Amino acid sequence: MFKKILIALVVAVILFCVVATMQPSTFHVQRSLVMKAGADKIYTEINDLKKWNAWSPWVKLDPNATVT
């Protein structure tokens, strides 16, 4: 029984290595978002550090956090 488990484990590791070597060495991740606001409006919101709490997703996750 132990021998069968060991053989299955070795086969799984070899299969994983073969599949891993067949994958491309680089990859590309891209995200996009369309906003219904002009660049000047967006820039004024993100450029002012005092306004970050209004739109930051991290503030919503922890409302008791303090920003200094």
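Every number in this text was worked out from the coordinates using simple rules, so none of it is lab data. Every value quoted in this text rests on a predicted model; they were computed, and no experiment measured them. Note that we place each Cβ from the backbone using ideal geometry, even for glycine, and neighbour counts take in every protein chain shown.
Residues in region 23-59 near a label at ALA65, defined as backbone nitrogen under 14 Å from the 7 Å Cα→Cβ point?
52-59
Given the Cα atoms of the chain, and with Rh set as the inverse mean 1/r over their pairs in the Kirkwood sense, what is Rg to Rh to two decimals?
On the way: Rg = 24.9 Å, Rh = 17.8 Å.
Checking Rg against Rh, the ratio lands at 1.40.
Find which of VAL29, VAL18, THR66 sits farthest along the positive direction of the dipole of the chain, computed with +1 on the beta-carbon of Lys and Arg, -1 on that of Asp and Glu, about the Cα centre.
Farthest along the dipole direction, towards plus: VAL18.
Across the chain, how many lysine pairs separated by 8 or more positions, or lying on different chains, have Cα atoms within less than 23 Å? Provide the component values of the computation, followed by the final result.
Numbers: LYS36/LYS50; LYS36/LYS51; LYS36/LYS60; LYS41/LYS50; LYS41/LYS51; LYS41/LYS60; LYS50/LYS60; LYS51/LYS60.
Lysine pairs meeting the criterion: 8.
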